[in-house]
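Let me begin by handing over the structure; questions about it come next.
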Amino acid sequence: MAKVKLPYTIKNNLPEFVRKKQALKTLEAGGSVTTREVENELAAYCGVTWSGIHQIKKGYNVPSLPSGFKIAEYFRADISKIFFLVDE
């Protein structure tokens with residue numbers, strides 16, 4: 001089966017959301033919270049692996065629709081603020 005070339009790609013603002021969550025958790029904890037800790041918590045919340053979250057964050061992969069909604073729910077953000085389409 002041939003792969004269909006779509007006229008758009010899916011991009012994300014996940015790195016920005018992870019950084020903001022990391023800063024918030026650092027303030028709440030009164031100490032350092034790493035990016036990896038936030039990504040591990042996000043992965044557990046979504047029921048996926050850290051590697052899966054990392055691949056989405058780097059743009060190597062796109063989440064399934066349920067995972068995309070869980071990611072948005074974790075950040076308490078509209079899904080369209082995290083994931084968006086870019087015309088090719």
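Select from the range 5-44 the residues that are open to solvent by 60 Å² or more (accessible area, probe 1.4 Å) and touching a strand residue (DSSP E or B) at 6+ places or on another chain (Cβ under 9 Å) and write down the one among them that is modelled with the highest pLDDT. Explain how you work it out, then say what you get.
Narrowing the range 5-44 to residues open to solvent by 60 Å² or more (accessible area, probe 1.4 Å): 5-8, 10-11, 16, 19-20, 24, 27-30, 32, 34, 36-37, 40-41, 44.
Right, trim to touching a strand residue (DSSP E or B) at 6+ places or on another chain (Cβ under 9 Å) and you get 7-8, 10-11.
Working: Pro7: 91, Tyr8: 91, Ile10: 93, Lys11: 96.
Ranking the candidates gives Lys11 first.
Can you give me the ranges of the helices (runs of 4 or more DSSP H) entirely in the range 7-58 with at least 1 residues that are under 11 Å from the mean Cα position of the chain (by Cα) and over 30 Å from Asp87 (Cα atoms)?
Working: elements: 14-29, 35-46, 50-57.
In the range 7-58, 35-46 are the helices (runs of 4 or more DSSP H) which contain 1 or more residues that are under 11 Å from the mean Cα position of the chain (by Cα) and over 30 Å from Asp87 (Cα atoms).
Keeping to the range 64-76, report how many residues are farther than 19 Å from Thr35 by Cα and in a loop (DSSP other than H, G, I, E, B).
1
The values are calculated or read from the model by the stated rules, or taken from the named source; none is laboratory data. Being a predicted model, the structure only gives us computed values, none of them experimental. Note that we place each Cβ from the backbone using ideal geometry, even for glycine, and neighbour counts take in every protein chain shown. These area figures cover heavy atoms from the full protein model, side chains too; ligands, DNA and RNA do not enter into them. Shrake-Rupley method; radii C 1.70, N 1.55, O 1.52, S 1.80 Å.
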